[in-house]
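The structure appears right after this line, and notes come after that.
The values are calculated or read from the model by the stated rules, or taken from the named source; none is laboratory data. The structure displayed is predicted, hence computed values, not measured ones. Here the Cβ positions follow ideal geometry from the backbone for every residue, glycine too, while neighbour counts run over all protein chains shown. Protein only, heavy atoms only, side chains kept; ligands, DNA and RNA dropped before computing areas. Shrake-Rupley method; radii C 1.70, N 1.55, O 1.52, S 1.80 Å.
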Amino acid sequence: MTSPDTDLAATGAPVPLSAPATLSATKGHGTQNDFVLLDDRDGALDLTDALVRALADRRAGIGGDGVIRLVASSALPEGAASLTQDPRAQWFMDYRNADGSIAEMCGNGVRVFAAYLASLGLWDPADGDLTIGTRAGVRHVRREPAPGAPGGVWYAVDMGAWTLPGGDTAQAAGFDSEVVVAGLEVARPALSVDVGNPHTVLALAGEAELESVDLTRAPSVSPAPPHGTNVEVVVPLGEGAAPDGTLVGRVRMRVHERGVGETRSCGTGACAAALAVRTWAGHGAPDVWLVDVPGGTVRVRLLDGGHVELAGPAVLVAAVEVDLAALGA
Ligand SMILES: N[C@@H](CCC[C@H](N)C(=O)O)C(=O)O
């Protein structure tokens with residue numbers, strides 16, 4: 001996995017060291033969007049597509065919707081170092097989908113990555129916000145008390161600037177594409193939302209329809225986005241006042257993730273869902289949304305400067321040694 005290393009023995013002749021037989025990995029999840037985390041801070045691991053697929057395999061591997069490699073920004077190859085953009089971003093989140101493909105961003109993954117850094121002693125939340133490098137730019141994370149769970153913690157992430165790729169026309173019309181989802185008879189209008197990675201959001205008639213759609217197959221999106229897309233099916237559940245008087249909207253969502261399939265949560269997808277529903281609701285719509293996914297609930301909040309914030313839990317459940325020969329990658 002790591003490039004074969006060499007050691008200069010006393011004779012001066014290069015002696016190959018054997019390739020590592022095991023790999024330390026941690027399993028974590030954010031609202032049941034689950035990941036295999038690898039500590040590769042010195043950037044030595046050759047994380048091939050095949051190794052990602054083997055680790056993410058739910059029967060023959062550890063199992064996960066994605067693999068997250070922790071690497072020091074200073075260890076990134078020349079050129080890639082610009083991905084971190086900000087000298088505070090000491091750590092880079094290398095995110096891979098379960099099929100081995102690279103994704104720009106993962107909202108649940110950033111929270112789990114922050115919890116992982118804290119567990120390794122690489123971030124102390126008492127010292128202030130954490131800045132993380134990702135392929136979609138830097139992300140800032142803070143820890144906050146979990147709502148309604150005394151002693152529990154949530155992580156809130158400034159997910160950066162969001163856009164509607166369809167521009168003003170899509171904003172005015174509320175859609176810019178059509179999606180065919182298995183289980184629905186006709187194509188539905190949908191709205192593209194970019195949150196660092198691509199999403200296409202369509203509203204369904206109600207919760208019965210949401211439960212009935214088949215997301216085991218990738219929905220077909222037209223026009224086809226150039227780099228594929230994640231598809232969120234949503235049902236707006238209404239708006240109400242929180243105890244502090246803030247207007248809060250609620251949305252139920254299921255997702256088919258690019259490079260994975262149906263997952264039990266998607267953080268960037270929750271942001272896209274809230275942003276689409278807010279666009280459809282028009283003037284006076286809430287700036288805070290609770291998004292219910294099969295794996296739990298996350299909070300999405302509009303920030304100043306065109307940014308969006310995602311907050312939710314992050315849980316580390318196991319640390320394991322992977323036998324690379326048995327994994328067969
Ligand atoms: N589950 C993630 C998104 C992971 C990447 C996505 N599948 C893509 O290819 O863009 C999230 O929580 O945001």
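What the Cβ-Cβ distance of His307 and Glu207 gives, at R0 = 41 Å and to the nearest 0.05, is a FRET efficiency of 0.85.
Spin-label model, Leu247 to Asp99: label points 7 Å out along the Cα-to-beta-carbon direction sit 4.0 nm apart.
You can think of it this way: the chain between Thr169 and Trp280 has 38.7 nm of extra reach, that is 0.36 nm per residue less the Cα-Cα gap. Multiplying the residue separation of Gln85 and Ala326 by 0.36 nm and subtracting their alpha-carbon distance yields 82.9 nm. Computed from label points 7 Å out along Cα-Cβ, the spacing between Leu120 and Arg58 is 2.7 nm.
Note: relative contact order over the chain, using C-alpha pairs below 8 Å and six or more positions apart, is 19 percent. All Cα-Cα distances of segment 167-304, cut into 10 Å bins from zero to the largest, leave 13, 47, 33, 7, 0 percent in each bin in turn.
Descending by average beta-carbon neighbour count within 10 Å, the peptides 64-72, 37-45 line up as 64-72, 37-45, the highest first. The Cα-based radius of gyration of segment 139-246, divided by its Kirkwood radius, gives an Rg/Rh of 1.04.
Note that segment 167-304 presents 43 Å² accessible area per residue, ligands and nucleic acids not counted, probe 1.4 Å. The share of accessible area on the chain that comes from carbon and sulfur is 52 percent, using a 1.4 angstrom probe. Distance distribution note for segment 227-281: the fraction of Cα pairs above 19 angstrom is 34%. Multiplying the residue separation of Val153 and Asp287 by 0.36 nm and subtracting their alpha-carbon distance yields 46.0 nm. For the chain, the average shadow cast by the Cα convex hull is 19.2 nm², which is a quarter of the hull's surface.
FRET efficiency for the Asp42 to Glu144 pair, using the beta carbon distance and R₀ = 30 Å, is estimated at 0.40.
In the chain, the calculated helix contribution to ellipticity at 222 nm averages -4500 deg cm²/dmol per residue, counting -39,500 (n - 2.57) for every DSSP H run with n ≥ 4. Considering amide H positions built from the backbone, and no H for Pro or chain starts, which residues 5 or more places from Asp65, or on another chain, come under 5 Å of its amide H? Here the answer is Asp34, Phe35, since their amide H atoms fall under 5 Å of that of Asp65.
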